[in-house]
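Student: Below is a structure I'd like to ask you about.
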Amino acid sequence: MDVNIWMIIGFLLAAYSVVANDSLQTLGTYISSNKKRTPKVVQMLFICSVTIVVLMLGWFINGGEPAWGRLEKFPIPENFTWVYIIPPIAVLGLTAWGAPVSTSFLVLSAFVPKNIPKLLESSLSGYFLAFCLGLAAWGLGMWLLERWVFRRTQEGKDFNRVWYGLQWFSTGFLWSMWMVQDLANIFVFLPRELGLFPMLVCTAILCIGLCVLVAIGGGPIQGVLRSKTNTADLRSATVIDFMFGLCLLYKAFLSTFPLSTTWVFLGLLGGREIALRIKEQEFEYVFTNRSGGSLGKIIGSDLWKAFIGVIVSLVIALGLQPLIAWTGG
């Protein structure tokens, strides 16, 4: 089908807003822990290289479909009007507020509202999967690493350089899994099959956005990470990224239907923080981050903002339907 101006604007807005919100869940720990260690140009080259490989590989494997087959149940409207660019604009507003909003709900539900129940089911199951993994992994053994990291940091001791390689591996793995899941939120604005040249242009646009993200050092969503224990430490960030990537990989094998990576991210961090606070009770000294307040405040604040994001998403998705009907979309 022909591409009109609203589709192009929608893609550009989605590329910027989704990267600014969702990608900080995946690249946030990498950006935080490499802030004073790795030149930003090197970070940009690494992230863009992984992006190009995943985008072009998915495009080739799926016969020109750019979103790894996750838009099968989200057909493009026959009449694409200005109404469809409202969701990515809303994502920008919520991102500025610092809300870890689910871009899957906000963007995809506006195109096919009947898929909202399945989006909710898929995302909530992802949250509980990640929450249980975080609670089990850090409760049964990973707390030892976090306690050791906390004490080493307090003592000002450096770490073995082998952690650099491990973290870059885990970041590349997680970033790949995130793109497989969330590219649908960006490419939903474009035809379901793209030629080589349009795909190269889209890839270049996404890489430019990522370079801007690295240059500014993140954004408001970084606050979700800063309130958690050791997330700025390269060693802890490595483990978080790898566990998050495993959750997304598992969900990718289960279904090609999109889900909210935001809720998976919050579930993992929530389960991890609870496990660490529980284990901490067995010792006479504190080894968790208390600057963000109590456990209830930290987790409750994250869930509250995410819940607000879901409500706003549903209101916008359902509220757009009369406008779409009026414009003939």
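Student: With (1) within 19 Å of the chain's Cα centre (by Cα); (2) in a helix (DSSP H, G or I); (3) modelled with pLDDT under 85 as the list, and residue 101 as the residue in question, which single condition is left unmet?
Tutor: Unmet for residue 101, out of (1) within 19 Å of the chain's Cα centre (by Cα); (2) in a helix (DSSP H, G or I); (3) modelled with pLDDT under 85: (2).
Let's see how each residue does on (1) without any contact (Cβ under 8 Å) to a residue 40 or more places away in the chain; (2) surrounded by fewer than 19 Cβ atoms within 10 Å (Cβ to Cβ); (3) among the aromatic types (Phe, Trp, Tyr); (4) within 25 Å of residue 308 (Cα to Cα):
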position: 2; (1), (2), (3), (4): yes, yes, no, no
position: 26; (1), (2), (3), (4): no, no, no, yes
position: 35; (1), (2), (3), (4): no, yes, no, no
position: 49; (1), (2), (3), (4): yes, yes, no, no
position: 59; (1), (2), (3), (4): no, no, yes, no
position: 83; (1), (2), (3), (4): no, no, no, yes
position: 109; (1), (2), (3), (4): no, no, no, yes
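Student: Step by step: first the residues of the range 148-204, then only those that are assigned to a helix (DSSP H, G or I) and charged (D, E, K, R), then the one that is surrounded by the fewest Cβ atoms within 10 Å (Cβ to Cβ). Which residue is that?
Tutor: 151
Student: Looking only at the range 10-40, how many residues end up being of a type in the set (Val, Ile, Thr) and either in a loop (DSSP other than H, G, I, E, B) or over 22 Å from the mean Cα position of the chain (by Cα) (or both)? Give the derivation first.
Tutor: As a first pass, look at the range 10-40 and keep what is of a type in the set (Val, Ile, Thr): 18-19, 26, 29, 31, 38.
Keeping just the survivors that are either in a loop (DSSP other than H, G, I, E, B) or over 22 Å from the mean Cα position of the chain (by Cα) (or both) gives 38.
Result for the range 10-40: 1.
Student: So which residues in the range 99-145 are over 28 Å from residue 75 (Cβ atoms) and touching an Asp or Glu at 6+ places or on another chain (Cβ under 9 Å)?
Tutor: 100, 134, 138, 143
Student: For the structure I just gave you, tell me whether residue 277 is more than 20 Å from residue 19 (Cα to Cα), without any contact (Cβ under 8 Å) to a residue 24 or more places away in the chain and in a helix (DSSP H, G or I). Spell out how you get there, then give the answer.
Tutor: Numbers: more than 20 Å from residue 19 (Cα to Cα): yes; without any contact (Cβ under 8 Å) to a residue 24 or more places away in the chain: yes; in a helix (DSSP H, G or I): yes.
Spelling it out, residue 277 is indeed more than 20 Å from residue 19 (Cα to Cα), without any contact (Cβ under 8 Å) to a residue 24 or more places away in the chain and in a helix (DSSP H, G or I).
Student: A further question on this structure: How many residues does the range 104-115 hold that are in contact with a Leu (Cβ under 7 Å, 6 or more places away or on another chain) and at pLDDT below 85?
Tutor: Going through the range 104-115 one residue at a time, the tally reaches 5.
The values are calculated or read from the model by the stated rules, or taken from the named source; none is laboratory data. Predicted, not measured: the structure shown is a model, and the values here were computed from it. Please note: Cβ atoms are built from the backbone with ideal geometry, for glycine as well, and neighbour counts cover all protein chains shown.
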